[in-house]
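Before any comments, here is the structure.
Laboratory data are not the source of any read-out in this text; all were calculated from the coordinates shown. Computed from a predicted model, the values in this text were never measured in an experiment. Cβ placement follows ideal geometry from the backbone for every residue including glycine, while neighbour counts extend to all protein chains displayed.
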Amino acid sequence: MSVIILFTAVSLAKILLAVALMIAVVRIFIGPRAQDRIVALDAAYVIAMLLLVTFGIGSGRTVYFEAALVIGLMGFVATVALAKFLMRGEVIE
């Protein structure tokens with residue numbers, strides 16, 4: 001019984017996260033301002049990270065968790081760099 005509930009919950013989470021990722025990607029392309037695009041990029045990497053975690057839970061492999069960790073680190077650095085670029089016009093001082 002609990003295997004069926006886990007499979008159903010992970011499958012539903014994958015579908016909903018895929019829809020959320022598509023919405024974030026649309027916002028990246030049609031965002032009216034650069035700030036909107038950066039927030040959508042931030043949301044997209046978080047959603048992609050969560051999608052990889054759900055794949056890892058569903059399959060039981062640890063490689064998905066490691067990939068999610070790498071995406072989280074790279075996404076954070078990218079968000080900070082883009083925000084600094086928008087604030088000052090340069091990334092490296």
Within segment 6-43, count every residue that is among the basic types (Lys, Arg), within 18 Å of Leu86 (Cβ to Cβ) and surrounded by 15 or more Cβ atoms within 10 Å (Cβ to Cβ). 2
Say we look at segment 37-93 and pick out the residues that are part of a helix (DSSP H, G or I) and hydroxyl-bearing (Ser, Thr, Tyr); which of these is nearest to the chain's Cα centre (by Cα)? Tyr45
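Results for (1) under 20 Å from Ala78 (Cα atoms); (2) in contact (Cβ under 8 Å) with a residue 24 or more places away in the chain; (3) not hydroxyl-bearing (Ser, Thr, Tyr), shown as yes or no for each residue.
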{"site": "Ile5", "(1), (2), (3)": "no, no, yes"}
{"site": "Ala9", "(1), (2), (3)": "no, no, yes"}
{"site": "Lys14", "(1), (2), (3)": "no, yes, yes"}
{"site": "Leu17", "(1), (2), (3)": "no, yes, yes"}
{"site": "Leu21", "(1), (2), (3)": "yes, yes, yes"}
{"site": "Ile28", "(1), (2), (3)": "yes, no, yes"}
{"site": "Arg33", "(1), (2), (3)": "yes, no, yes"}
{"site": "Ala40", "(1), (2), (3)": "yes, no, yes"}
Show the residue pairs that are 6+ apart or on different chains and have beta-carbon atoms under 7 Å apart, the first residue being within segment 61-82 and in contact (Cβ under 8 Å) with a residue 40 or more places away in the chain, the second being of a type in the set (D, E, K, R) and surrounded by 12 or more Cβ atoms within 10 Å (Cβ to Cβ). Thr79/Asp42
